[in-house]
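The values are calculated or read from the model by the stated rules, or taken from the named source; none is laboratory data. What you see is a predicted model, and the numbers here were worked out from it, not measured in a lab. For neighbour counting, all protein chains shown are included, and Cβ atoms are generated from backbone atoms with ideal geometry for every residue, glycine included.
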Amino acid sequence: MQFNYLASLLILSNLVSGAIVPQAAMDLFNFVEEVELESNLNLDYINSKSFEDLPLVNTTELQELITEEALLARAEKLYEIAQFSNKSYGHPTRVIGSKGHWGTIGYIKHELKKLNGYYNISVQPFKAFMSEIYKINATINDEIPKSLTEMDMSPSTPNKEPVYGNLTLIANNGCNEEDYIGLHGNIAFIKRGLCPFGEKAQLAARFGASAVIIYNNEQGDIRGTLGVPPEGVHVAPCVGISKDEGDLIASKLSNGEIINAMVLVDSFVGPITTVNVIAETNHGDDENVVMLGAHSDSVTAGPGINDDGSGTISLLEVATQLTKFKVQNKVRFAFWAAEEEGLLGSNYYAENLSVEENSKIRLFMDYDMMASPNYEYEVYDANNIDNPKGSEELKNLYIDFYNSKGLNHTLIPFDGRSDYVGFIENGIPAGGIATGAEKNNAENGEVLDRCYHQLCDDLTNIAWDAFLVNTQLIAHSVATYGSDLSDFPVREISDNVNSMSFAYRGDKLVY
Ligand SMILES: *[C@@H]1O[C@H](CO)[C@@H](O)[C@H](O)[C@H]1NC(C)=O
Ligand SMILES: *[C@@H]1O[C@H](CO)[C@@H](O)[C@H](O)[C@H]1NC(C)=O
Ligand SMILES: *[C@@H]1O[C@H](CO)[C@@H](O)[C@H](O)[C@H]1NC(C)=O
Ligand SMILES: *[C@@H]1O[C@H](CO)[C@@H](O)[C@H](O)[C@H]1NC(C)=O
Ligand SMILES: *[C@@H]1O[C@H](CO)[C@@H](O)[C@H](O)[C@H]1NC(C)=O
Ligand SMILES: *[C@@H]1O[C@H](CO)[C@@H](O)[C@H](O)[C@H]1NC(C)=O
Ligand SMILES: *[C@@H]1O[C@H](CO)[C@@H](O)[C@H](O)[C@H]1NC(C)=O
Ligand SMILES: [Zn+2]
């Protein structure tokens, strides 16, 4: 193991804030204390004159500099870093708060700092929420529901013990206070839909429910999240069941049947400070910023080499090769943290922009999962009616790229599963590509990423040909917009944003 690049790790005085500090976080704290301090994040900026001598970035030339060997070497490095977590987690992971994630942050910064002042590198700390569900259980009429699923960010039932009660059917979708009249000290039974799961769990708690069971309003299991708990607000422990099981129980309850239930949730939900890394070119028009991002973190279950080690690596490699050119417009690379906890880093960044900073960002491009083993070339189906103007032009750039290489592409829903959400919600045109997660490939019927969010998302879980093509696509997007935005729609400043248009925030449903 080489620890030299960890010298660039940042010490955050309030690295672990808040009340609940798991052992892993304490281990991490000690670990970060051990590495060399870096007191000054500012770089020695190169005299901007030297950039003038470089040729203007050219897509053909930039793409030619991308090689499979370089991507492989970086993937090996990331896997090595993921193993820093072995001691605390028993397996490689780059989940926020782990040594594997701090190691990733250190690696990103180290790789960018090697580039002789081409980039202004900054680190943006923010408070994220970790959620680990260790165990759930439930019974309805003394039987365990077959479709029982956990709800991310659910608190534990008291003392991690089961709570018992009679089910109370909540009126409508449980989005209004009136729906809860008559509920007290019971287990709330609520239909999915109309408002976020988190709102239902808060309302239920306020009306005295000891736990909540949410049943689906469409086929399939609920894979949901309660979202970040608002400060000082009590949230009831929550689990989910399917529509088929739920509808049956709901009809019995509405016929006046008494149905007993038990719910058990054993979980950890706690605040943890982590960081986004932002690197922008030190030259280029700062009134016209071209922005792109990938997430630096993985889920707890595994090392996340495809999700989103691949995007992180692609961005680092494009950022490295870009230094051989000059750009017309400022290019800003973002490495988000806590994507897997619900897009927290990118949301924090986008929401925290001043009106002026926001207005300078011409577009945001999301690169999450570039090399699924059984990939399809997916393009987010953005448009200029539902999304900020320019989102459609970006989509068309990707389509044209795949067409020009004779490759098929698939349009996929622009429904909130990755870090573009915060940008769209704050009026910034966005789009992106991916290669697929749990969906099946239309051509061969097999799952696109068999190791999605699992321990086996390792070096064997990468399609190297797709990785190369998509990194070239990223190079193309940077070269195109970094050199010329004259054909790209000008920014429209509007605050008319409907956040409920996104069903997901990351891989979990929010309502
Ligand atoms: C980009 O580079 C290629 C290869 O060197 C060259 O053929 C092409 O003309 C260049 N494009 C522009 C717009 O300069
Ligand atoms: C980390 O754990 C994995 C098993 O998940 C193992 O294959 C690997 O050898 C371990 N690495 C180190 C450095 O302990
Ligand atoms: C570098 O980036 C930081 C963070 O965005 C910004 O505050 C600072 O002004 C930038 N420095 C220069 C010289 O552009
Ligand atoms: C869930 O609860 C039921 C009823 O108490 C019990 O029989 C079952 O063993 C529990 N399952 C687990 C995995 O603890
Ligand atoms: C559940 O309902 C039954 C029948 O009305 C009642 O006897 C029992 O006390 C109720 N249990 C709870 C925990 O309220
Ligand atoms: C961004 O966050 C910082 C730190 O929390 C805060 O001081 C600043 O006011 C925020 N800016 C905006 C525009 O939200
Ligand atoms: C594109 O899709 C068509 C129809 O499914 C298929 O016949 C063709 O082989 C595909 N081409 C590539 C390059 O994958
Ligand atoms: Zn991801």
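A few notes on this one:
- If you go through the stretch 355-414 and keep only what is touching a Pro at 6+ places or on another chain (Cβ under 9 Å), closer than 28 Å to residue 443 by Cβ and outside any loop (DSSP other than H, G, I, E, B), you end up with 380, 391, 392, 394.
- From the options 292, 322, residue that is closer than 30 Å to residue 454 by Cβ and not charged (D, E, K, R): 292
- Residue within the stretch 416-423 that is more than 17 Å from residue 477 (Cβ to Cβ), assigned by TED's automatic domain parsing to the domain that holds residue 504 and touching a Lys or Arg at 6+ places or on another chain (Cβ under 6 Å) present: yes
- Among the candidates 438, 351, residue that is within 16 Å of ligand 3 (Cβ to nearest atom) and either more than 29 Å from residue 63 (Cα to Cα) or part of a helix (DSSP H, G or I) (or both): 351
- Residues of the stretch 224-245 that are part of a loop (DSSP other than H, G, I, E, B), within 22 Å of the chain's Cα centre (by Cα) and touching a residue at least 40 places away in the same chain (Cβ under 8 Å): 226, 227, 228, 229.
- Selection of the stretch 266-282 for residues being of a type outside the set (S, T, N, Q) and modelled with pLDDT under 95 yields 268, 269, 270, 271, 272.
- Lone unmet requirement of (1) within 30 Å of residue 230 (Cα to Cα); (2) in a helix (DSSP H, G or I) for residue 338: (2)
- Residue among 491, 450 that alone is basic (Lys, Arg) and more than 23 Å from residue 373 (Cα to Cα): 491
- Some residue of the stretch 96-104 being at positive phi and either away from ligand 2 (no atom under 16 Å from the Cβ) or under 21 Å from the mean Cα position of the chain (by Cα) (or both): yes
- Residue among 150, 161, 177 that is of a type in the set (Asp, Glu), crowded, with 17+ Cβ neighbours inside 10 Å and away from ligand 8 (no atom under 16 Å from the Cβ): 150
- Residues that are within 16 Å of ligand 3 (Cβ to nearest atom) and either touching a helix residue (DSSP H, G or I) at 6+ places or on another chain (Cβ under 9 Å) or modelled with pLDDT of 95 or more (or both) do occur in the stretch 311-320.
Residues are listed down the side, and each one gets a yes or a no for (1) within 16 Å of ligand 7 (Cβ to nearest atom); (2) farther than 20 Å from residue 506 by Cα; (3) buried (at least 17 other Cβ atoms within 10 Å of the Cβ):
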position	(1), (2), (3)
384	no, yes, no
390	no, yes, yes
399	yes, yes, no
402	yes, yes, yes
408	yes, yes, no
411	yes, no, no
416	no, no, yes
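- Of all residues in the stretch 451-469 being charged (D, E, K, R) and under 19 Å from the mean Cα position of the chain (by Cα), the one that is nearest to residue 377 (Cα to Cα): 457
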